[in-house]
Every structure is written in C-alpha cells, then in structure tokens.
Amino acid sequence: MTGLSAGSTEIGRRVGVAFARIDPATVGPSVALGILFAAFSLLSPNFLTRSNFTNVLVQSAPLLTLATGQTFALLMGGLDLSQGSIVSLVSVVTAGVLMQHGLLFGAVAGLAAGFVVGLANGWLIGRASIQPFIVTLGMLYIAAGAAMIYSGGSSIFGLPQPDVDYFFWFGGGFIGPIPVPVLIAVLLIAMAHITLTRTPFGRHVYAIGGSETVAVMSGIDVGRVKVIIYLVSGGCASIAGFMMSGRVISGQPLLGAGDILLQSIGAVIIGGTSVFGGQGGVLRTVLGVLVVAFLVNGLNLLAIDTFVQRVIVGAIIILSVWVNSWRRRRL
C-alpha cells in the first residue's frame, strides 16, 4: 500500500508540474481552435482533408510571417500599421526590377525597399521619439503611395522565363511534401522565438514593454532596441510580400491593401500577446494565426458572406482583448 501511495503521489506531482507549464493565455485560443475543428468537420466534408490543410497552411504562411514581426512591435507596447503597404511596395519593386534585371536583383531591390521602410519606422520611433501609431500610420500612406507611383497604379504582369518559375517557387513551390512558404515561415518563427527567449535583445524587448521607464533606468538603450524591432517587423513584411508576389507571379500595388494587416494584428492579440506590451511571444502568435486561418477557411467552405466573416473575426479580437485585460487586472 505504501508503494501504491508513493506512486500515486509521484504521478500527481508530475501531472501538477505538467499543468503548471501550460501557458494560461493559450488555453482560450486552444479551446477555440478545437471547437472550430469539431464544428467545421461536422458541417463540411471537405474540411478534414489533406488538400484543404495544405491549402490553409500555404495561404497562412505570409500571415504567419507578418504576425511574427508584429509580435515584436506589440511586445514593446507599440504596433506596426505599415506592414500591408510594405507588402505592396515589395511586390511592385520586385516585379519591376525583375523585368529588367532578373530575379536576383529583383529580390534584393524588393526586400531592400521593405527593410528601408522598417528602418525609417524604427528611427522615427526610437530616435525621434514619435509615437508608433503616428509613425506607422503615416508610413502606411507613404509606402502605399510609393507602390502606386512606381507601378503607375497598374499590376506588373508578363514576368520572363525562367525567372517567373523560380519566383513562384518561393510562394507556391514544394520541397518534397513541404510547401516552401510554410518552411520559410517556420524558420522565421523559430529564429524569432530563440531571439525573444534566449538573447539579451529579447529580454530588452520584454523589459521595454513591461515599463519603458524602468528599462531606461536599467541601462537599456531603448532607442536602439526600438529601431531593431521595427526593422524586424519591416523585414518580416518584406519577406511576406515577396512570398505573396511569388504566388501570384506578378507585382500588385494593392497586394497588401486587404485584410492582411488587420489579420496580422488580430492574430497576435487572439494568440494571447498583451496589447499593453511585455507579455506574449511568437508561439502564442502561431496559435492565433491558426485560429484566424482555419476560421476563415471554414467559413469559406460554408459559403459564409465575406462581410459576415469580418464581423466574426472582429468580435473574436474584441473578446480576446477583453480576456487579456481581465487577466491583467487579476495578476
């Protein structure tokens, strides 16, 4: 009996440790994702299929990439409203330069354009001390306008062979059974997670989000960290724009003008990262992206109106923020 009692105690201890390791902020999104899977599986015979899952993952890869960069901004207590416009700018610059000089120069020029926008955001926020909302809102208009000016307001089609095939590979190609854009997104997420959890820079990001005043008093170069944060966000938006352009094999000046920006911010919030900064991470963001991606996919399979979908996603974002605020008050 003593042995049984000791064994039960050990099992109980291990179960308790396992539960203690569960991130409370991920419980809600995890339950929501489970409910979505159960509901859509019953309502649509096409939901639980390999082709549908592959399609969802490929389509959500750019969103995963954008949301990874957005996570850094929100952890700092800011946000990046310019991501969608960066996607559009990268798209047209890449396609335009590719037409004249090939894919290599097109990729370098397009990605560089997005990184420059991110660097400008970072300098204005980190060094000129302008509020992130104001800077990124202004840059949203600047980058979107630059994309329209560069392309003349028209899409850039007719990319030459064989560059167009290589270009498409980044947006819709496969390495064996693994979609290339999904692989790119996973690599970026892994790098971001390691950066945030295992490096001094990551600790500085959380410190600034927790209390910028305390971070300054601790000797952290807050301005420098903010510059890097928005460079990361702009870089992620650039890579997402490159992948999306590759998939449509053209330059689209309105490629990032849809719901992608709001979904990027919404996915980070739904995943449990605090809008107040200092709490969260990219693994939470992955969960938020999956909720958004499979929700939209399931609603599309059920032929639910796009406008109704926006109402549902918006309501989930508000609910997530409310739960986040409620948890914050209880801590």
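Figures for the structure shown
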item	result
Tilt relative to the chain, helix 132-151 - C-alpha long axis, 0 to 90 degrees, to 10	30 degrees
Size of electric dipole in the chain: Cβ of Lys, Arg +1 and of Asp, Glu -1, about Cα centre, debye, nearest 20	920 debye
Extension gain from Met191 to Ala112, taking 0.36 nm per residue of separation minus the Cα-Cα distance	26.4 nm
Residue-averaged 222 nm ellipticity for the chain, from DSSP H runs of 4+ at -39500 (n - 2.57), nearest 500	-26000 deg cm²/dmol
Long-range HN-HN contacts of Gly278 with modeled amide H, under 5 Å	Met76, Gly77, Gly209, Gly210
Measure of compaction for the range 73-144 (Cα Rg per 2.2 N^0.38 Å)	1.20
Karplus (6.51, -1.76, 1.60) ³J(HN,Hα), θ = phi - 60°, over the range 164-173, in Hz, Gly and Pro reported as x	5, 5, 5, 4, 4, 4, 6, x, x, x
Per-residue ³J(HN,Hα) for the range 222-230, Karplus 6.51 cos²θ - 1.76 cosθ + 1.60, θ = phi - 60°, Hz, x for Gly and Pro	4, x, 5, 4, 5, 4, 5, 4, 6
Between 0 and 90°, nearest 10: helix 180-198 axis offset from the chain longest Cα axis	50 degrees
Calculated from backbone phi, Karplus (6.51, -1.76, 1.60) coupling profile of the range 78-88 in Hz, x at Gly/Pro	x, 6, 10, 7, 8, 4, x, 5, 5, 4, 5
Correct choice for Cα extents along the principal axes in Å that was computed from the model, options (1) 71, 43, 36; (2) 81, 57, 37; (3) 57, 44, 35	(2)
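Here, each number is a calculation from the coordinates, and none is a lab measurement. The structure presented is a predicted model; accordingly, all values stated were derived computationally and were not measured. Neighbour counts run over all protein chains shown; Cβ positions are idealised from the backbone, glycine included.
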